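Every number here is computed from the coordinates shown, using simple stated rules; none is lab data. None of the values given here were measured: they were computed from a predicted structure. In this analysis, Cβ positions are derived from the backbone assuming ideal geometry, glycine residues included, and neighbour counts consider all displayed protein chains.
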Amino acid sequence: MVNICCIGAGYVGGPSCAVIAYKCHDVKVTIVDLNQARIDAWNSSELPIYEPGLDEIVFARRGKNLFFSTDVDQAIIDADLIFVSVNTPTKKTGMGAGMAADLAYIERATRRIAQVATTPKIVIEKSTVPCRTAQSMRTILEANSNKNIRFDILSNPEFLAEGTAINDLTNPDRVLIGCLQTPEGFAAQQKLVDIYTRWIPKERVITMNLWSSELSKLAANALLAQRISSINALSAICEATGADVDEVAYACGTDSRIGPKFLKASVGFGGSCFQKDILNLVYLSEQLHLPEVAAYWKSVVTMNEYQKMRFTHRIVRTLFNTVTNKRIAMLGFAFKKDTGDTRESAAITLCSYLIQEHARIALYDPKVSAKQIKMDLTEPGVGTNEEEVDKHVQICQSAYEACAGADALVICTEWDEFKMNQLDYQKIFDSMQKPAFIFDGRLILDAAKLREIGFRVETIGKSA
Ligand code: NAD
Ligand code: UGA
């Protein structure tokens, strides 16, 4: 029986290795983490992350060939293949602060592998890491382990998107596996290819050299985020000219060279990775003395910040230049629909800005807890403290509760339940102050129908 250990039971380690267990019943998968509460949740009926389809997969295999544990050492000792799937956040202090990836978690996990391993291991970078991290991992492994133990390092970056993770994992566009171009490297690579090809067609499992694989992950996220910043930049031109950003996206996206996906204008991209990975690329470019390249990628993040500010300014301007004491219903706090994840969500920036303008925010999100919202809004750097949040933010249990008595409704996340056929917008209109404003930051509403009801509607990428 092949024995797999995954270090890091987060949004990536949990789902990706649970799917391996689900697809390969003869492979034993142990997912470990230092965070006891997280592991307890993985072992309970309420999993620590919300992801459509994940419960079924975990409940089907847990206790059979899928295990969750805090015993990191034992899982390392038993494993043939070890996925390193720990967090790689942006560094907050020191050299490269605000840009470089903090590799402390990767290093700690790697050192642990070196210290406790007693048999050969294939160590797989699953986390998103700067180009050439595998080299540092090799140095750590070789310097800290028994000289007779062989380690092979592979790069196998993850491309899943939250909210669609299970489909992305069971039916991926591609799986990438990078290795050193040596006979041992190829042999290790083949072992991982053999796992994935149990359910993924061979031609979609792409093999290449380690450094290309590491860089491809950063490149893919940078290109995706760049498309969003491009359409968002165009949305500003649309608002000023009377062009409609959905029509422009459609017109451009039907060109097969451009393609239709990832051209939805929005209040700004969020999520734990786009910004972090682009900044990582910016830092890499600077280190390589490529300032023009660094500036090019940096502009993708700059445009995203601009889009968030532009939207909030539009809200304040439209509400007669003041939101002081006005009730603003914010629908959605997660960074996208179908996830409870709020990391880098545009809603955080919006809330913080509106709190500083002394608005009263009535917030509803179907999957984000009140505790999480308060934690996000009081994080250092967000610009609002606990007292302000308590005073200005009310967490509601439904969209209707949030909208009752509101001066304006703001769509921050594109949850299906906020769409026209799901909510009774006439009822919402009747319960709001007049004039009743709607700001659609996700292009999910039918502005013409809302205007018929009596709403004043402002939509991203469309003039009022
Ligand atoms: P996460 O914070 O949800 O999970 C990481 C986990 O690793 C945490 O639970 C933490 O306690 C654990 N951990 C840290 N150090 C450890 C150690 N030494 N031993 C054991 N456990 C340890 O992060 P995530 O969202 O799963 O992201 C993980 C990596 O995958 C990041 O590099 C990220 O860029 C990348 N990635 C994320 C996504 C996504 O959608 N979230 C998609 C693709 C790639
Ligand atoms: C993204 C990538 O899509 C994944 O391939 C990658 O593995 C992952 O980052 C990662 O490395 O973490 P994710 O952040 O989960 O996945 O979600 P996306 O669907 O990419 O959305 C990111 C943000 O962009 C969201 O805020 C979303 O609302 C926004 N977005 C997306 C737009 O504003 N417009 C679009 O057209 C698409």
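Summary table
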read-out: Cβ crowding within 10 Å averaged over residues, with 132-141, 269-278 ranked highest first; value: 269-278, 132-141
read-out: Set of aspartates and glutamates near LYS23 by C-alpha distance (under 16 Å), chain-local residues within fewer than 8 positions excluded; value: ASP55, GLU56, ASP168, ASP194
read-out: Highest to lowest packing among 39-51, 381-393, 296-308, 335-347, scored as the average C-beta count within 10 Å; value: 335-347, 296-308, 39-51, 381-393
read-out: Positive-end extreme of charge dipole, the chain - chosen from THR70, ALA220, VAL368 (charges on Cβ); value: ALA220
read-out: Sorted by Cβ density within 10 Å, fewest first, the residues VAL86, VAL175; value: VAL175, VAL86
read-out: Given charges at Cβ of Lys, Arg, Asp, Glu: the chain dipole, positive-most of PHE151, CYS403, VAL84; value: PHE151
read-out: Entries of LYS126/LYS298; LYS121/LYS217; LYS217/LYS371; LYS264/LYS434; LYS28/LYS126 with Cα pairs more than 21 Å apart; value: LYS126/LYS298; LYS121/LYS217; LYS217/LYS371; LYS264/LYS434
read-out: Cα-projected label distance for ILE237 with ALA251, points at 7 Å along beta-carbon direction, nm; value: 1.0
read-out: The stretch 298-449, relative contact order [Cα under 8 Å, separation at least 6], %; value: 25
read-out: Helix-only [θ]222 nm of the chain, DSSP H runs n ≥ 4, -39500 (n - 2.57) each, per residue, nearest 500; value: -13500 deg cm²/dmol
read-out: Value in Å of the Kirkwood radius, where the chain supplies the Cα pairs that are averaged; value: 23.7
read-out: Potential lengthening between LYS449 and ALA60 on full extension [0.36 nm per residue; Cα-Cα distance subtracted]; value: 135.6 nm
read-out: Hydrodynamic radius of the stretch 85-221 per Kirkwood, over alpha carbon pairs, in Å; value: 15.8
read-out: Kirkwood Rh, angstrom, the stretch 1-116 [1 / mean 1/r, Cα pairs]; value: 14.7
read-out: Difference of contour (0.36 nm per residue) and Cα-Cα distance, ASN35 to VAL116; value: 27.2 nm
read-out: Paramagnetic reach from ASN325 in the stretch 388-431 [backbone N under 18 Å; point 7 Å along Cα→Cβ]; value: 391-394, 405-408
